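Let me begin by presenting the structure, written as structure tokens, before commenting on it.
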Amino acid sequence: MGPVVVAAVLVGLLVAPLLRGLVARFAVPEGEPWCEDCPSCGRPARLLPPTGRCPGCRERLGAGPWTVEAVAAAVAVAVGYAADRPVVVTLALVWAAALGVALGFVDARVRRLPYRLTLPLLGGVTALLLAAAPTAGPGVPLRCLLVALTVGGVLELAVWLGALGPGDSPLGLALGGLLGWYGWSVALGGLFAAMVLAGLWATLRAAAALARRRPVRGLDLPVGPFLLLGALTAVLAR
């Protein structure tokens with residue numbers, strides 16, 4: 001195991017308790033207050049162990065045992081291999097990946113992408129790309145803007161049509177701007193990968209329902225995890 005992998009796994013495991021706390025806090029249904037504290041004992045739930053249980057009363061909070069840790073470590077390894085110059089863009093990728101892990105778990109659990117996570121993701125990526133703009137080639141900042149507006153606009157249209165939730169469009173803006181740094185082909189590849197992965201997941205779920213002789217109804221797929229995974233796949237494959 002190379003030093004990059006070891007370092008990335010350690011970083012992923014170090015940030016996992018904070019990501020777990022974000023998942024527990026924001027993975028609540030629409031209209032309910034954020035889960036700031038453990039509902040059983042009132043202990044703050046900002047940092048949680050790999051078991052996913054409250055350190056005070058052992059109440060299960062958020063994601064399942066070791067799931068966030070495994071995903072955070074895997075994503076950290078992927079980001080480590082995708083790291084490139086300038087460093088500021090790599091920092092933008094790290095920021096998107098860290099919040100993306102939390103967003104992916106939240107969306108998978110409650111089918112929503114809260115603004116309290118998507119807007120900091122968008123703001124951080126935007127600020128870091130602007131900081132990297134002076135070192136970019138001609139037309140790169142404009143391309144980032146055009147890709148962000150294209151992806152975000154398509155997702156916002158889907159929101160207006162009732163096909164997606166309101167948190168998908170700021171996520172699309174952030175991911176579009178980040179992918180735009182690497183080029184139109186990478187951005188299109190990220191969207192294509194997201195659609196393919198979502199289609200494969202929907203097919204597997206439908207097949208599992210048929211195997212259990214259950215009716216196949218609306219699959220209600222969360223879009224966020226597939227957008228995030230598609231973007232990471234495109235950056236790795238560039």
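The values are calculated or read from the model by the stated rules, or taken from the named source; none is laboratory data. All values reported here derive from a predicted model rather than from experimental measurement. Please note: Cβ atoms are built from the backbone with ideal geometry, for glycine as well, and neighbour counts cover all protein chains shown.
Go through the stretch 162-209 and report how many residues are surrounded by fewer than 20 Cβ atoms within 10 Å (Cβ to Cβ) and hydroxyl-bearing (Ser, Thr, Tyr).
2
Which of the residues spanning the stretch 63-100 are touching a Pro at 6+ places or on another chain (Cβ under 6 Å) and crowded, with 17+ Cβ neighbours inside 10 Å?
Within the stretch 63-100, 69 is the sole residue that qualifies.
Within the bounds of the stretch 198-219, is there any residue that is free of Cβ contacts under 8 Å to residues at least 60 places away in the same chain, of a type outside the set (Ser, Thr, Tyr) and within 21 Å of residue 79 (Cα to Cα)?
Looking through the stretch 198-219, none of the residues is free of Cβ contacts under 8 Å to residues at least 60 places away in the same chain, of a type outside the set (Ser, Thr, Tyr) and within 21 Å of residue 79 (Cα to Cα).
Could you check the stretch 84-111 and list, in sequence order, the residues that are over 12 Å from the mean Cα position of the chain (by Cα) and not acidic (Asp, Glu)? Even if it seems obvious, please write down each step before you answer.
So the first thing to find is which residues in the stretch 84-111 are over 12 Å from the mean Cα position of the chain (by Cα), and the list is 84-92, 109-111.
Matches in the stretch 84-111: 85, 86, 87, 88, 89, 90, 91, 92, 109, 110, 111.
If a residue must be modelled with pLDDT under 90, closer than 21 Å to residue 69 by Cβ and either exposed (fewer than 13 other Cβ atoms within 10 Å of the Cβ) or not charged (D, E, K, R) (or both), how many such residues does the stretch 25-51 contain?
4
So which of 125, 154 is crowded, with 18+ Cβ neighbours inside 10 Å, among the β-branched types (Val, Ile, Thr) and assigned to a helix (DSSP H, G or I)?
Details: 154 fails: crowded, with 18+ Cβ neighbours inside 10 Å.
It is 125.
Name, by its number, the condition in (1) of a type in the set (D, E, K, R); (2) loosely packed, with under 13 Cβ neighbours inside 10 Å; (3) on the phi < 0 side of the Ramachandran plot that does not hold for residue 220.
The number of the failed condition is (3).
Scan the stretch 65-97 for residues that are closer than 22 Å to residue 29 by Cα and in a helix (DSSP H, G or I) and report the count.
In the first step, residues of the stretch 65-97 are kept if they are closer than 22 Å to residue 29 by Cα; the result is 65, 67-68.
Pick out the ones that are also in a helix (DSSP H, G or I) and you get 67-68.
So the count comes out to 2.
Does residue 133 fit the bill of being out of contact with any Leu (no Cβ under 9 Å at 6 or more places or on another chain), surrounded by fewer than 18 Cβ atoms within 10 Å (Cβ to Cβ) and aliphatic (A, V, I, L, M)? It would help to see each step written out before you state the result.
Working: out of contact with any Leu (no Cβ under 9 Å at 6 or more places or on another chain): yes; surrounded by fewer than 18 Cβ atoms within 10 Å (Cβ to Cβ): yes; aliphatic (A, V, I, L, M): yes.
Yes.
Which of (1) assigned to a helix (DSSP H, G or I); (2) surrounded by 14 or more Cβ atoms within 10 Å (Cβ to Cβ); (3) within 20 Å of the chain's Cα centre (by Cα) does residue 146 not meet, given it meets every other one?
The number of the failed condition is (3).
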